[in-house]
Structures are given as structure tokens and as C-alpha cells.
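Shown next, in C-alpha cells, is the structure this report addresses.
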Amino acid sequence: QVQLVESGGGLVQPGGSLRLSCAASGRWLAMAWFRQAPGKEREFVAAISGNGGRTIYADSVKGRFTISRDNAKNTVYLQMGSLKPEDTAVYYCAKGTYAYGSSFQSDYNAWGQGTQVTVSS
């Protein structure tokens, strides 16, 4: 059974940075980050293809967040910068069913337990 383990969440001030990590098997499959804020539906944040050559981002994080992966370590990262209070959410790592990567939750079949990110002064 695939296990995804996220780490790196926490409390940060507006304008600050955090890096999330997700360890998972299946190095050539797409990986993604989604997030869910209180009272809202889970939404797409960023995705990366199996070989790391293609990345896509939600408009709300474009230019502030960077997704990357190290296939030798079976780890995907989400570097978050210029954080805003509206970025506060539980962030989930997800593993895709194929290599290309997409923003659709239905294209991901394994999920981590989530890590809390709180942006507040």
C-alpha cells in the first residue's frame, strides 16, 4: 500500500516562507499538492510530472510557490513564499495514477494525512 508522509507545516507570519515535503514511492508518477481551508472544499495548488519536466500551478499561488521533486529520494517539495493569511489550510500531498500531472483530484489515487499551514501575525 502506498504511503505518503508530509512534513514541514507550521505557523508563519504573512510574507514568510515554508517548505513542505512529501515522501512517497512511485518515482515516475505525477505528484501534486492540494489544500483545504476551514469550511471550504479541497483545491488544487500545484502538480509536477513524473520526470519533473512539467509543472502546473493554481493562479492563486503562481509566482509564489514552487513544486519540485527528487526522484532519487522519492520526495516532492512545495516551497511556499510571500505567504498570505488566505494560504492558511491543511495541505495534502497526492500521488497520480499516471506520469503527466493534472489539477484534477480524480487523477490522484493516494493521499497523505495532511499538514497544517497557518499564516498569521
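Assorted remarks:
- Pairing residues of the stretch 41-56 that are of a type in the set (Ser, Thr, Tyr) with residues that are outside any strand (DSSP E or B) and open to solvent by 30 Å² or more (accessible area, probe 1.4 Å), at Cβ distances under 7 Å and at least 6 apart in sequence or on separate chains, gives SER49/ALA99; SER49/TYR100.
- Number of positions in the stretch 11-36 that are under 26 Å from PRO85 (Cβ atoms) and open to solvent by less than 60 Å² (accessible area, probe 1.4 Å): 11
- Members of the stretch 105-121 found to be surrounded by 12 or more Cβ atoms within 10 Å (Cβ to Cβ) and closer than 15 Å to GLY81 by Cα, listed by number: VAL117, THR118, VAL119
- Residues within the stretch 75-116 that are within 14 Å of the chain's Cα centre (by Cα), closer than 17 Å to TRP28 by Cα and polar (S, T, N, Q), tallied: 2
- Hits in the stretch 53-66 (condition: open to solvent by 30 Å² or more (accessible area, probe 1.4 Å), in a loop (DSSP other than H, G, I, E, B) and either closer than 12 Å to TRP33 by Cα or not hydroxyl-bearing (Ser, Thr, Tyr) (or both)): GLY53, ARG54, ASP59, LYS62, GLY63, ARG64
- Members of the stretch 72-101 found to be at pLDDT 95 or above and assigned to a loop (DSSP other than H, G, I, E, B), listed by number: GLY81, SER82, LEU83, LYS84, THR88
- Within the stretch 75-100, the set of residues being polar (S, T, N, Q) and either within 30 Å of SER121 (Cβ to Cβ) or open to solvent by 50 Å² or more (accessible area, probe 1.4 Å) (or both) comprises GLN79, SER82, THR88, THR97.
- For the stretch 17-52, residues that are assigned to a loop (DSSP other than H, G, I, E, B), modelled with pLDDT of 95 or more and among the basic types (Lys, Arg) total 2.
- Every condition in (1) open to solvent by 40 Å² or more (accessible area, probe 1.4 Å); (2) assigned to a loop (DSSP other than H, G, I, E, B); (3) touching a residue at least 24 places away in the same chain (Cβ under 8 Å) holds for ARG69 except the one numbered (2).
The values are calculated or read from the model by the stated rules, or taken from the named source; none is laboratory data. Computed from a prediction, not measured in an experiment: that's the story for all the values here. Here Cβ is always computed from backbone atoms with ideal geometry, including for glycine, and neighbour counts include all displayed protein chains. Heads up: the accessible areas ignore ligands, DNA and RNA and are worked out on the full protein's heavy atoms, side chains in. Shrake-Rupley method; radii C 1.70, N 1.55, O 1.52, S 1.80 Å.
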